[in-house]
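Following: one structure in structure tokens, then a few remarks.
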Amino acid sequence: MSVDDPRPDGMRRSLTASALLLLLTGCATTVQAPAPGPDRLAAPAVATTQVGLLVTGTPAMRAAPGWPAFRAEWRDAFKTASAAAGLRMAYFETFPTEHLPGTVLVRIMVNDYRHVGSGMRWALGVITGNAFVDADVEFIELPSRRSLGSRRYSTSSSHWQGVLSAMTHKQLATLADAMVQELRAP
């Protein structure tokens, strides 16, 4: 503000505080997942001690330039969520062929996503657009390959929530937590 700003000092502070509040709000991720109910995952025959992760996508998704980084963010999110739940985590590039008792494979088929990173959000603000993820997920008991169930998960955030809106890494962390909790549910 210039020295000859006609607004009173209190009004300038109020505008600054309002702008800061708007900037800091909006860290939420909206996750659309099936409500818990009768379609609970089938219980694995052996207690789950390890979460396996296989991230794949449609041909268009796999051809996207940011696909390898996006998959790495999934891996990091599952590593954190699994550790918090007291489970080991293994990442697979292809469907595992080894004998892995006590492992539930979370096979994620990414239907669509828009990656928005922290740097992009900070540099470009609201013009960056919305981050989102849409994926079909199947939980598979290993080594039997028995399907325990499947779910569709999606996330969204609004670029209007400010520079701290839920970017892709926050959305993936929220999704990974939700998926691991599915395995921990009684």
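Looking at the stretch 99-110, which of its residues are closer than 11 Å to Ser144 by Cα and open to solvent by 10 Å² or more (accessible area, probe 1.4 Å)?
If the condition is that a residue be closer than 11 Å to Ser144 by Cα and open to solvent by 10 Å² or more (accessible area, probe 1.4 Å), then His99, Leu100, Pro101 are the ones that fit.
Consider the stretch 65-93. How many of its residues are in contact with a helix residue (DSSP H, G or I) (Cβ under 8 Å, 6 or more places away or on another chain) and open to solvent by 30 Å² or more (accessible area, probe 1.4 Å)?
Within the stretch 65-93, residues that are in contact with a helix residue (DSSP H, G or I) (Cβ under 8 Å, 6 or more places away or on another chain) and open to solvent by 30 Å² or more (accessible area, probe 1.4 Å) number 7.
The values are calculated or read from the model by the stated rules, or taken from the named source; none is laboratory data. Note that the structure is a prediction, hence the values are computed from the model and not measured. No Cβ is skipped: glycine too gets one built from the backbone with ideal geometry, and neighbour counts run over all protein chains shown. Only protein heavy atoms, including side chains, enter the accessible area calculation; ligands, DNA and RNA are left aside. Shrake-Rupley method; radii C 1.70, N 1.55, O 1.52, S 1.80 Å.
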